[in-house]
1. Whole-Hz ³J(HN,Hα) for each residue in the range 9-23, computed from phi via Karplus 6.51 cos²θ - 1.76 cosθ + 1.60 with θ = phi - 60°, x for glycine and proline: what do you get?
2. For the range 37-53, in order, what is each residue's ³J(HN,Hα) by Karplus, 6.51 cos²θ - 1.76 cosθ + 1.60 with θ = phi - 60°, in whole Hz (x at glycine and Pro)?
3. In straight Cα distance, which aspartates and glutamates are under 13 Å from Lys61, not counting same-chain residues fewer than 8 positions off?
4. Please give the solvent-accessible surface of Ser9 in Å², to the nearest 10, using a probe radius of 1.4 Å with every protein chain present.
5. Can you tell me how the chain classifies by the Cα gyration tensor, rounded, prolate or oblate, using a/c under 1.5 as the rounded cut?
6. On a straight-distance basis, which lysines could pair with Lys56 in a cross-link, Cα separation under 17 angstrom, same-chain partners fewer than 8 positions away excluded?
7. How large is the direction-averaged shadow of the alpha-carbon convex hull of the range 29-73, in nm²?
8. Which trypsin sites (Lys or Arg not before Pro) does the range 21-77 hold that lie in a coil by DSSP with at most 16 other beta carbons within 10 Å?
Amino acid sequence: MYQVYILYSAIKDRYYVGFTSDSLSERIRRHNTNHKGFTGKTGDWDLVYTETFALKENAMKREKEVKAWKSRKMIEKLIRSVG
């Protein structure tokens, strides 16, 4: 199974969209470690949304779709849709 996920950092006040076949808890742990890259410095990333896919291609397509929005309002609407 593959999961598209959205993380939120209160420090950066930003969202991060990704996909993984790893366990989400392990993936989030790695995002919250000190490393180079967008998620590596704050250590406060929280999972706020997930979607599950059977095929890698579908997960990759959905991740690209959400990233292409380039819209905080659209991402927040998606997050609210499951609440």
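1. 10, 5, 5, 7, 6, 9, 9, 10, 10, x, 9, 7, 10, 6, 5
2. Running phi through 6.51 cos²θ - 1.76 cosθ + 1.60 with θ = phi - 60° gives x, 4, 8, x, 9, 8, x, 10, 6, 10, 6, 10, 6, 9, 9, 10, 9 Hz.
3. Glu51
4. Looks like 0 Å² after rounding.
5. Oblate.
6. Candidates past the 8-residue exclusion: Lys64, Lys67.
7. 4.2 nm²
8. When the trypsin sites (Lys or Arg not before Pro) of the range 21-77 are filtered for loop state and at most 16 Cβ neighbours within 10 Å, Lys36, Lys41, Lys70 remain.
The values are calculated or read from the model by the stated rules, or taken from the named source; none is laboratory data. Here the structure is a predicted model, which is why all the values come from computation and not from measurement. FYI the Cβ positions are ideal-geometry reconstructions off the backbone, even for glycines, and counts take in every protein chain you see. For accessibility, only protein heavy atoms count, side chains too; no ligands or nucleic acids. Shrake-Rupley method; radii C 1.70, N 1.55, O 1.52, S 1.80 Å.
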